[in-house]
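Some notes on the structure that comes next.
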Amino acid sequence: MAGPIRGVLFDKDGTLIDFQQSWGPVMGLVADELARGNGDLAEKLLHVGGHDPVSGRTAPGSLLAAGTAVEIAEAWAPLVGTEDITALAAAVDAGFRRHGPDYAVPVPLLRETLDILENRGLRLGVATSDCEGAARDGLERLGLITLFDFICGYDTGHGVKPGPGMVIGFCTTVGLDPTAVAVVGDNTHDLEMARAAGAGLRVGVLTGTGRRAELEPLADVILPGIAALPAVLEGWTGR
């Protein structure tokens, strides 16, 4: 039986950062750069990735919602006419890292919520399918990086979602058992990662691409956003 939660591992985009507001412009810029001004090609790249440039929405579970740069590059390579996945993934990462911090829109009450959790003595971490460098750049720009004990990207060395490695890496770093950790995310990959690692609490949030119906089967609780998390944790004593 799990006990009180002593650490929180957050997904980044869609959880700490409002996904649609932040990433729509960034995806468009990166696609345009890779297409070298070919508007039709840029639109194809976005479509394959799961992003609709007309509505500005990204589909739940799509490559651009939950994939790594390598996974995105594998899908985009035939369209841009390259077989060098490594180089294309590096270009995707570079574009996301170049533009991401400028367009990052924090979810409501982000700093206030993190301050509450830190003041309670909880250990905080970030696990993202973005690269670690981009995650650090974005958190630095928002003035939040010092609040986190652990920042992990797909390239950090703990594996990728939905595998358990990022949760295990966080637990090892902060000295907690997975049962004492809450994992918070907007995507099924986040919650599947939490389940695979045996996390004590799986929290779905609706500030990203995931919909309630998709998240509920995997989550212990669904929240409109992380601002509601402190109240949930205050009363959580385990399943």
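Key figures for this structure:
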read-out: Backbone HN-Hα couplings from phi across the range 92-107 [Karplus 6.51/-1.76/1.60, Hz, Gly and Pro as x]; value: 4, 4, 4, x, 4, 6, 5, 9, x, x, 5, 10, 5, 10, x, 5
read-out: Zero-based 10 Å bins, Cα pair distances in the range 20-103, whole percents; value: 19, 59, 21, 0
read-out: GluC sites (Glu not before Pro) lying in DSSP loop within the range 79-128, provided at most 14 other Cβ fall within 10 Å; value: E83
read-out: Cα long-axis angle, helix 188-197 against the chain (0 to 90 degrees, to the nearest 10); value: 50 degrees
read-out: Solution diffusion estimate, µm²/s, Stokes-Einstein, the chain, Kirkwood Rh from C-alpha pairs, 20 °C, viscosity 1.002 mPa s; value: 121 µm²/s
read-out: Relative contact order (%) - the range 20-103, alpha-carbon pairs under 8 angstrom, separation at least six; value: 32 percent
read-out: Extension gain from L79 to L109, taking 0.36 nm per residue of separation minus the Cα-Cα distance; value: 6.8 nm
read-out: Gap separating the Cα centres of the range 10-51 and the range 52-84, nearest whole Å; value: 8 Å
read-out: 3J(HN,Hα) from dihedral phi, the range 209-222, Karplus parametrisation 6.51/-1.76/1.60, rounded to Hz, x for glycine, proline; value: 8, x, 9, 3, 4, 7, 7, 4, x, 9, 9, 7, 8, 10
read-out: Vicinal HN-Hα couplings computed from phi for the range 50-55 (Karplus, 6.51 cos²θ - 1.76 cosθ + 1.60; Hz; Gly/Pro x); value: x, 10, 9, x, 6, 7
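Each value in this text was obtained by applying a stated rule to the coordinates, not by laboratory testing. Treat the numbers as computed from the prediction; the structure is a model and nothing was measured. Positions of Cβ are generated from backbone atoms using ideal geometry, with glycine treated the same way; all protein chains shown enter the neighbour counts.
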